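Notes for the one structure printed next.
The values are calculated or read from the model by the stated rules, or taken from the named source; none is laboratory data. Being a predicted model, the structure only gives us computed values, none of them experimental. Reconstructed Cβ throughout: ideal geometry from the backbone, glycine too, with neighbour counts over all protein chains shown. With ligands, DNA and RNA removed, areas are computed over all heavy atoms of the protein, side chains included. Shrake-Rupley method; radii C 1.70, N 1.55, O 1.52, S 1.80 Å.
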Amino acid sequence: MTKLALLMAGLALVATACSNPEPKASAPAPAQGPPGEAGASLRLPSTVQPVSYRIDITPDTQRLTFQGSETIRIQVRTPVRTILLNALNLSIAHATLDGRPATKIALDPAHATAQFDFGQTVAPGSHVMAIDYAGKIDDFSAGLFHLDYNSADGKKQRMLVTQFENADARRLAPLWDDPAVKASFQLSVAAPIGQMAVSNTPVAEVQPLAGGLQRTIFQHTPRMSSYLMFLAVGDLQRVSRKVDGVDVGVIVRRGETAKASFALDQASAILRYYDDYFGIRFPLPKLDLIAAPGSGGFGAMENWGAILYFERDLLIDAKYSTEQDRQDVAVVIAHEMAHQWFGDLVTMSWWNDLWLNEGFATWMEAKAVDHLHPAWRIRLSEASGREGALQLDATSATHPVDRPAETTQQMDELGDAITYDKAAAVLRMLEVYVGEDAWRSGVRAYLKAHAYGNASHDDLWRAVEAAAGKPIAGMAADFTEQDGVPLIAVQLMTGQAKGSGLFLTEERFAADAGSQAPRHWRAPVAARPFEGPEVQTLVHGGPLVAALTSPSPGPLVVNPDEVGYFRTLYAPSAFDPLAAGFARLQPFDQLNMLRDAWALGQAGEAPAANVMILLKRLPPGAYPLVWSDAADMMAEIYYLHAPADRAVIAAFGRRVLAPVLKRIGWTPRPGEPAAAAVAREELILALGDLGDPGVIAEASRRFGAFQASPASLPAGIRKPVLYVVGQHGGAQAFDVLQRLAQASTDFLEQRQYLSALARAADPALAQRALDLALGARLQTSAGMQVIQGVAGAHPDLAWRFAQAHKAEIDARSDPTQKLAFIPRLLRSAADPALADALHVYAQTAFPAGGRAEADKVEARVRQRAGVRAQRLPALDQWLETNG
């Protein structure tokens, strides 16, 4: 039975149920029993706690090893015979307690611990541990690792950086590697004279050493969690400015300072905004943003006072970077800087609350960038993240926002669209529900109460409730402690003498058979007429029916501005008037209706052709970001079809999108709206996907001029032109792109060339791209990027290649990538045979606790295969008649 049928059956309850609905009890919190053996090492005994660390590192960049020594001031709470620390891949030579040598040191690699026995009971009180040890400089992005690159003059260079989230500080030194165990850190590093060393705090002292080395000693940090430490060494340069007493800098490899100016401007403005919004000045004397060459299993990391980014997420080059690149960089800077307060100053008590850190920073990034660049209308662009969360959350592979994380594998699997984007969407919904001023007051109170300490989501809810005088904890629990997506079904009221009205019911939206277990939510729902004020209600789950009435006549659009985290299913009588007036809707509402129509069509809750009806009624002059999203959607539907069945959808897509590109034009114009520049990129790419002859010809013409004079191709369309040429230009274009990629020493430039050739539509050329990926001439990260690029249009080809080269790919992957990289190659597949192959692979390649990403991809492939078989035939029939 469809949800609309359920709605009609429940309308008789309106008179008695809507006026005083029965409140639903909060969902119970997940059980938090003792961790199993596999996670026991993550939470050390609380009998001993660190107060401060002094950690001295001496790297050997040729042998890829380092020597370390540390002094830890500890507080023993109760008498203990042994002291247990986290340590991984370290060899410990010597340890003392208050000068007394350890009688036994036992390393447990399986649990990543080191146990120290000093031959007698250690009495309560203050003590000093000293440890000498050695470790490894890794090839992948965990612990202390190296990044190799070629400088502009062709010389080999090596940069050392650290990455400790979530449990990899133990690779640098024996310590308490737990977010709730905070202490002060002082780092030092020995490095060649002339190289720059960077850490969380400013330099306190530089001491000369023998052999052309010097030791850089940094100031003490405030009390913080171990995963927020940072250290980097390399041939680096820094550009900086003072911002309200804080030394803000962008650090780049030598010769790249010209690319840092945009990031420095953004960081300076964002710092002032956050100082004001949070009501707490940035608490460190300096804030560095460090650009690392290449890429890893993450994009950026919020180390306190020393945020690490890979270059693609921080640097802007006037020759290569598009408007979308600029906006992406601003968003990532805002995200990581939000963590300096929400995550670093106040840290979650345990990793199950990682969503609070990441969801808050994702929500805050849009608020900050929207404040600084209102013309960008960044919330429209950011809404794609919410859509990704809705898609995952409607499948059998979803999970609650708040979920247990007791092992390193579970912790590695936390970072997905649910943790980031669903959490952000829920926070925004709650903010709108209580009001922006009350929400900010609650956030400020939360940060002030828990500064330099730890807190949980319950602490935040209490602070907001106190500020707003309005309960939210139960509503928040509905959306964070259970999985799934609400579906608000909408039916028109009849017989309204004036105005308009709707009946609403709530059920669970399910995109596949495995996600249909019932759920209920307390969901704030709003509706808005074409003209007139918004009206609101609170929908309670179950067989109750809510009502919304408006004094304004005419149709009502539900969930204006995409504030609520749910799908909206309109009965035909409610959908048709909105579709007829689709051009009059606000951009957010047009996007929301398009996305919901396609999601409901895929699930069989509404005709899949509804999305095409809306697209036909979207005028070419609609807000460009709506067309940008529509272009992505057309490309998605095109690739969802089997190759032999794509002609009809391609023709429809070209007819709809080509007039929009003609209106915007190919050549970026000075002073044009940023939204037009972003839409231009997406339209060219989508029309290239759809095989538009005019777009392919124009891209080829511009690429020919580019070969003669690179300056002839504006940065704003450089990427889409290269991508279309790589897709359709054949072997000759492939050879040119390969030659350009191998000659480039600039990672941003090389990345564009490699991404372009990886898009080759010809399977033979796609195979050539794969053959390049693991060759010695490409950096590790660049090769992995090529494999991912090929998988977009040729998932089967990339899958077979990965199976044949699994050992090589695993050797190039960091710990989190090993569980995700190969499964994600099938994300664009719609073949149930590939889902079966992935299932078998995951059972043999991954441990039982490490299959979450494979399960998500398998569910996605099966869902897409079902849509291809069950929904696309009717859609294509509609297109043949009405397209």
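Mind listing just one residue for me: the one in the stretch 63-76 that is open to solvent by 30 Å² or more (accessible area, probe 1.4 Å) and touching a strand residue (DSSP E or B) at 6+ places or on another chain (Cβ under 9 Å) and, of those, nearest to Leu213 (Cα to Cα)?
Step by step, filter the stretch 63-76, then rank; the result is Gln67.
Report yes if some residue within the stretch 725-739 is of a type in the set (Gly, Ala, Ser) and free of Cβ contacts under 8 Å to residues at least 24 places away in the same chain; otherwise report no.
no
Answer with yes or no whether Glu336 is of a type outside the set (Val, Ile, Thr), surrounded by 24 or more Cβ atoms within 10 Å (Cβ to Cβ), in contact with a Phe, Trp or Tyr (Cβ under 6 Å, 6 or more places away or on another chain) and under 30 Å from Phe747 (Cα atoms).
Considered against the rule, which asks whether it is of a type outside the set (Val, Ile, Thr), surrounded by 24 or more Cβ atoms within 10 Å (Cβ to Cβ), in contact with a Phe, Trp or Tyr (Cβ under 6 Å, 6 or more places away or on another chain) and under 30 Å from Phe747 (Cα atoms), Glu336 comes out as no.
Among the residues in the stretch 344-353, are any closer than 23 Å to Asn592 by Cβ and of a type in the set (Ser, Thr, Tyr)?
No, the stretch 344-353 has no match at all.
Could you say which residue among Gly194, Gly212 is over 26 Å from Gln75 (Cα atoms), open to solvent by 20 Å² or more (accessible area, probe 1.4 Å), out of contact with any strand residue (DSSP E or B) (no Cβ under 8 Å at 6 or more places or on another chain) and not hydrophobic (A, V, I, L, M, F, W, C)?
The unique qualifying residue is Gly194.
Counting just the residues of the stretch 344-386 that are closer than 30 Å to Leu42 by Cβ and among the acidic types (Asp, Glu), which one comes out modelled with the lowest pLDDT?
Checked the stretch 344-386; the qualifying residue modelled with the lowest pLDDT is Asp353.
Within the stretch 523-533, is there a residue that is more than 21 Å from Val426 (Cα to Cα) and hydrophobic (A, V, I, L, M, F, W, C)?
yes
Select, from Leu447, Leu427, Leu414, the only residue that is touching a residue at least 24 places away in the same chain (Cβ under 8 Å) and over 21 Å from the mean Cα position of the chain (by Cα).
Going through Leu447, Leu427, Leu414 in turn, just one is touching a residue at least 24 places away in the same chain (Cβ under 8 Å) and over 21 Å from the mean Cα position of the chain (by Cα): Leu447.
Between a residue in the stretch 467-484 that is surrounded by fewer than 15 Cβ atoms within 10 Å (Cβ to Cβ) and any residue that is assigned to a helix (DSSP H, G or I) and of a type in the set (Gly, Ala, Ser), which pairs come within a Cβ distance under 9 Å, given they are 6 or more apart or on different chains?
Note: pairs meeting the criteria are Gly469/Ala438; Lys470/Ala438.
Of these, Pro795, Pro873, which one is out of contact with any Cys (no Cβ under 8 Å at 6 or more places or on another chain) and more than 23 Å from Ala417 (Cβ to Cβ)?
From the options Pro795, Pro873, the qualifying one is Pro873.
Could you tell me whether the stretch 718-736 includes any residue that is modelled with pLDDT of 95 or more, open to solvent by less than 20 Å² (accessible area, probe 1.4 Å) and either under 19 Å from Val626 (Cα atoms) or not in a helix (DSSP H, G or I) (or both)?
Taking every residue of the stretch 718-736 in turn, at least one turns out to be modelled with pLDDT of 95 or more, open to solvent by less than 20 Å² (accessible area, probe 1.4 Å) and either under 19 Å from Val626 (Cα atoms) or not in a helix (DSSP H, G or I) (or both).
Mind listing just one residue for me: the one in the stretch 77-120 that is among the charged types (D, E, K, R) and within 18 Å of Ala134 (Cα to Cα) and, of those, most open to solvent (accessible area, probe 1.4 Å)?
Lys104
Go through the residues of the stretch 861-880 one by one and say whether even a single one is surrounded by fewer than 20 Cβ atoms within 10 Å (Cβ to Cβ) and not in a helix (DSSP H, G or I).
Yes: the stretch 861-880 contains one or more residues that are surrounded by fewer than 20 Cβ atoms within 10 Å (Cβ to Cβ) and not in a helix (DSSP H, G or I).
Return the residue satisfying two criteria in turn: it lies in the stretch 247-287 and is touching a Phe, Trp or Tyr at 6+ places or on another chain (Cβ under 8 Å) and farther than 29 Å from His146 by Cα, and of such residues it is most open to solvent (accessible area, probe 1.4 Å).
The extreme case among them is Ile280.
Looking at Asp483, Asp478 in this structure, which one is of a type in the set (D, E, K, R) and assigned to a helix (DSSP H, G or I)?
Checking each option against the conditions leaves just Asp478.
Looking at the stretch 134-146, can you tell me whether even one residue there is polar (S, T, N, Q), in a loop (DSSP other than H, G, I, E, B) and buried (at least 24 other Cβ atoms within 10 Å of the Cβ)?
Scanning the stretch 134-146 turns up at least one residue that is polar (S, T, N, Q), in a loop (DSSP other than H, G, I, E, B) and buried (at least 24 other Cβ atoms within 10 Å of the Cβ).
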